[in-house]
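The values are calculated or read from the model by the stated rules, or taken from the named source; none is laboratory data. Note that this is a predicted model, so its numbers are computed, not measured. As a convention, Cβ positions derive from the backbone with ideal geometry for all residues, glycine included, and neighbour counts pool all protein chains shown.
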Amino acid sequence: MIFLFTDFGPAGPYLGQMEAILRRNAPGLDIVNLVSDAPAGDPRLASYLLAALAADFPEGSVFLCVVDPGVGGERLPVLLEADGRWFVGPDNGLLNTVAVRAERVAWQIITWRPERLSASFHGRDLFAPVAANIARRDFAQSVGAWLGPDLVGWPADIASIVYFDHYGNAITGWRYSHALDGKALLVNGQKICQARTFSDSAPGEPFWYCNSMRLIEIAVNMGRADNTLGLSLGQGFHFEEHA
């Protein structure tokens, strides 16, 4: 399967154009639009959402990843193999969290170029054909030199909000652990207690919990955390020892 992870948004022509290339070059393979509203133009924040999602898919999965504000510039097009999963995208930090969390990692520079390469849409012209090749296990004409990105100082977790879902819940880049149980989360000057799930809190009450991706999430029962708590993308938080 090929999974799409982009900041294109659900409307407009870009997803359709990219999917058309995938279906032309890898007919018969399943394509899943995993995320189309990743943090726009922010590969660093998007990388934590990508890493959390990708962990649930089996070895051999191919991820076509495009959050690429530097498209057409000096950033490199790369292929990352991490614990048996394949990631095609720009070398701009988008794939770094996957790499930092993986046990087995290998990077290669994508050397193949199409006859037509738009300066502003490498997702369609470069990354999609390469992802199709990788899904068909045809590596020969796609990749060249090995690459060793400098991941020193790249944190495996980040105490920041990386995504808001349709309901206004704030998904963070910090993975849940039992060591956090019973601690209060402080964000935007407000102290929030832990709950197991929405129904364990009163309507209108904010809480934090371990979401289905095993990330810390800030929510409001029957409400929107973004509006109620005045939250924004990239906003930081921290925990207190006792709630």
Tell me, please, whether a residue that is over 21 Å from Y163 (Cβ atoms), modelled with pLDDT of 95 or more and buried (at least 17 other Cβ atoms within 10 Å of the Cβ) can be found in the range 1-10.
yes
Of residues in the range 107-137 being at pLDDT below 95 and aromatic (F, W, Y), the one nearest to the chain's Cα centre (by Cα)
W107
Among helices (runs of 4 or more DSSP H) entirely within the range 32-147, at least 1 residues that are in contact (Cβ under 8 Å) with a residue 24 or more places away in the chain and among the charged types (D, E, K, R) occur in 43-54, 96-101
Out of everything in the range 170-188 that is assigned to a loop (DSSP other than H, G, I, E, B) and polar (S, T, N, Q), what residue ends up being nearest to A52 (Cα to Cα)?
S177
Looking across the range 11-52 at residues that are aliphatic (A, V, I, L, M) and surrounded by fewer than 17 Cβ atoms within 10 Å (Cβ to Cβ), the single one that is farthest from E103 (Cα to Cα) is A11
Kindly check whether there is at least one residue in the range 86-105 that is closer than 18 Å to L53 by Cβ and of a type in the set (S, T, Y).
yes
From the residues in the range 189-221 that are in contact (Cβ under 8 Å) with a residue 40 or more places away in the chain and assigned to a loop (DSSP other than H, G, I, E, B), which one is nearest to Y167 (Cα to Cα)?
N211
Filter the range 165-174 for residues that are among the small types (G, A, S) and buried (at least 23 other Cβ atoms within 10 Å of the Cβ); the one that is nearest to the chain's Cα centre (by Cα) is G173
G148 passes all but one of the listed conditions (1) surrounded by 12 or more Cβ atoms within 10 Å (Cβ to Cβ); (2) within 24 Å of the chain's Cα centre (by Cα); the exception is number (1)
Y167: passes all of (1) aromatic (F, W, Y); (2) under 20 Å from D68 (Cα atoms); (3) outside any helix (DSSP H, G or I) but (2)
Determine which single condition S177 fails, assuming it passes every other condition in (1) within 23 Å of the chain's Cα centre (by Cα); (2) surrounded by 15 or more Cβ atoms within 10 Å (Cβ to Cβ).
(2)
